[in-house]
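Chemist: One structure follows; several queries about it will come next.
Nothing in this text is a laboratory measurement; each read-out follows from the coordinates by a stated rule. A quick note: this is a predicted structure, and the numbers were derived from the prediction, not measured. Please note: Cβ atoms are built from the backbone with ideal geometry, for glycine as well, and neighbour counts cover all protein chains shown.
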Protein chains: 2
Amino acid sequence: MPKLLPPTKHSVHLLRGQAPAAHAPAPCTNSHCESCCVGALCLPGALSDEDLRPLAALSLVTRRFVPGETIYADGDRFRFIYAVRSGACKTTMLRADGREQVAGFHLAGDFMGLEGLAEGVHGTTATALDDAQVCLIPYQRLVAVTASYPNAKDLMAHVMSQEIVHDGSLLVLLGLTEAPQRLAAFLLDLSQRHAARGWSPREFRLPMSRAEIGSFLGIKVETVSRTLTLFERRGFIARRGRGVRITDLDGLRAAYDLRIR
Amino acid sequence: MPKLLPPTKHSVHLLRGQAPAAHAPAPCTNSHCESCCVGALCLPGALSDEDLRPLAALSLVTRRFVPGETIYADGDRFRFIYAVRSGACKTTMLRADGREQVAGFHLAGDFMGLEGLAEGVHGTTATALDDAQVCLIPYQRLVAVTASYPNAKDLMAHVMSQEIVHDGSLLVLLGLTEAPQRLAAFLLDLSQRHAARGWSPREFRLPMSRAEIGSFLGIKVETVSRTLTLFERRGFIARRGRGVRITDLDGLRAAYDLRIR
DNA sequence: CGAGGCATTGATCTCAGTCAACCAGCGTGG
DNA sequence: CCACGCTGGTTGACTGAGATCAATGCCTCG
């Protein structure tokens, strides 16, 4: 087996030790944006302290959620925009047959619930995957604040545009026909999002189950599993449980000719 | 063949006659929002004339595009938000292997190019599918206008949220595993969007090629074709070329247990 | 009227879904 | 403390849906 690269005891140990501890930001105690550890991610880059000050008036609430706990539910009245401070969440929609369909995954620094704005009602259900801290931003108050501070006014548009950009690249991802392509694109998307947060793009924990990955990608659990083993045999990744190390990022990209920007 | 329902000469004729002519809005000659025929679609419902007035200051430009013509390209600097006034467009991304991947379809009343806001550069290419009229909204000027008119201020957020809602439902659509499910969901999505415009939800023209449908849905052209024939044999649809009539909307929905809201 | 693009259909083969067994980790409770 | 059962993950054998290859038909446009 020339190409085969099984995870050594050592690498496995690395995976387990690093994944959750080293990359997750330290818990935040303060609810104000100035001191929030995901601030730079959460808010579009070039905001000065000047711009941030009005946001202090929002008096944000940060809540903790345990894995599986619902953050907001489909049908709830839209009152807050939710910013993930730490941990990870999923948003889902219920299908007619009762099974849930994953609509997206959200890491620290991501927003959730923006879809509620248009109709005044949420159209998805958000659930914590990890122990997660989520910042509740009261929308009405945000509107009031941004109205009077011109510099902070583009904030929402910026944030929403980012969401649209990401959704777009996910739509392209899901337009791929073959399971390995989709899964590779999915891993690369996660990798890139980790990089954007200053975390390692090559080694991280998958906060979601195989079933959830499959639901999102439109492929079955077994195929997710098999394809991951395939990637491992090809030497693209090493893994241990939910920990993943991308050992050959370019190879992975090249093998499935993707370009998720 | 008990269930078989081939398109009669008569129904075919209906399809051809109605599809493009009856449903498309009449061409707009005026560039101001007050008199634009897609105004109610383009702008969130409850805007009064009062609210609309400031928008006149935008002095919008409407441009015509012929089928295949590029409206904006991946990499272009973000200057405009594009509102489709008539016709239909697609947005695409180029994959590494050079083939293009369809990221979305846009009907009259839809916006395009919102993804450019975040980075200041467009991340997709927009192309006309029909003869299309597109309204170019200069973003900087829009920001200036909305800054001084509080009622018009939520406009952007509203519009972007709608985009996010729709993207979300498309993500769910693409998370479906089987080709007939996806195609059914796709048709129902189109149907619903037609209904939202006051057009017939049961009879319309597909402005895109089978290949483009396939690219978007992640299935091959042949499968698109075969699945459409399947739908026809089951009595769910009738079709002639790019014209479609949904003869059994509930049946289509029920058979593939979807609930695209 | 002919050419070329688009759509449909058929035959074959491959990949992913299905069904089922098995394993590892974990919390519960004896 | 270990036995137990449960959930989540992996693997195998088989089947079926969809991709591929190829041919034909249809419509549009020059």
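Chemist: Could you tell me the relative contact order of segment A:176-255? Use alpha-carbon pairs under 8 Å, at least six residues apart, and round to a whole percent.
Modeler: 32 percent
Chemist: Evaluate the charge dipole of segment B:56-116 about its Cα centre and quote only its size in Debye, nearest 20, assuming +1 on the Cβ of each Lys and Arg and -1 on the Cβ of each Asp and Glu.
Modeler: 200 debye
Chemist: What is the average number of partner chain Cβ atoms found within 10 Å of a Cβ in B:109-115?
Modeler: Counting Cβ atoms of other protein chains within 10 Å of each residue's Cβ and averaging gives 3.
Chemist: Measuring from label point to label point, each 7 Å out along Cα→Cβ, what is the B:Leu94 to B:Arg63 span in nm?
Modeler: Computed distance between label sites B:Leu94 and B:Arg63 equals 1.9 nm.
Chemist: What are the aspartates and glutamates whose alpha-carbon lies under 13 Å from the alpha-carbon of A:Lys220, with same-chain residues fewer than 8 places away excluded?
Modeler: In chain and number order, the partners are A:Glu178, A:Glu212, B:Glu178.
Chemist: Among B:Val121, B:Phe80, B:Tyr149, flag the residue with its Cα farthest along the positive direction of the charge dipole of segment B:78-168, charges on Cβ as +1 for Lys/Arg and -1 for Asp/Glu.
Modeler: Going by the charge dipole, the pick is B:Tyr149.
Chemist: What is segment A:124-236's relative contact order, in percent, from Cα pairs under 8 angstrom and six or more apart in sequence?
Modeler: About 20 percent, as a whole number.
Chemist: Per-residue counts of other Cβ atoms within 10 Å, averaged by peptide: what ranking do you get for B:161-167, A:65-71, A:197-203, highest first?
Modeler: Going by the mean number of other Cβ atoms within 10 Å, highest first, we get B:161-167, A:197-203, A:65-71.
Chemist: Would you kindly work out, in nm and rounded to one decimal, the distances from the label point of B:Asp131 to those of the same position in each other copy, ordered shortest first, with label points 7 Å along Cα-to-Cβ?
Modeler: Label-point separations across copies, in nm and ascending: 6.5.
Chemist: A further question follows. Would you mind giving the mean number of other chain beta-carbons within 10 Å of the Cβ of each residue in B:172-180, as a whole number?
Modeler: Per-residue shielding by partner chains comes out at 6.
Chemist: If each label sits 7 angstrom from Cα along the C-beta direction, how far apart, in nm, is A:Gln192 from its counterparts in the other copies?
Modeler: Label point to label point, same position, other copies: 2.7 nm.
Chemist: On a full-extension model of 0.36 nm per residue, what is the gain between B:Ser209 and B:Glu222, subtracting their alpha-carbon distance, rounded to one decimal in nm?
Modeler: 3.5 nm
Chemist: Count the net charge of all other residues whose Cβ sits under 15 Å from the Cβ of A:Leu136, scoring Lys and Arg as +1 and Asp and Glu as -1.
Modeler: Around A:Leu136, the surrounding residues sum to +3.
Chemist: Something else about it: Pop the C-beta distance of B:Arg240 and A:Leu230 into the FRET formula with R0 = 51 Å and round what comes out to the nearest 0.05.
Modeler: 0.70
Chemist: What nm distances, shortest first, do you get from the label point of B:Lys220 to those in the other copies when the point sits 7 angstrom along Cα to Cβ?
Modeler: Inter-copy label distances (nm, one decimal, shortest first): 2.1.
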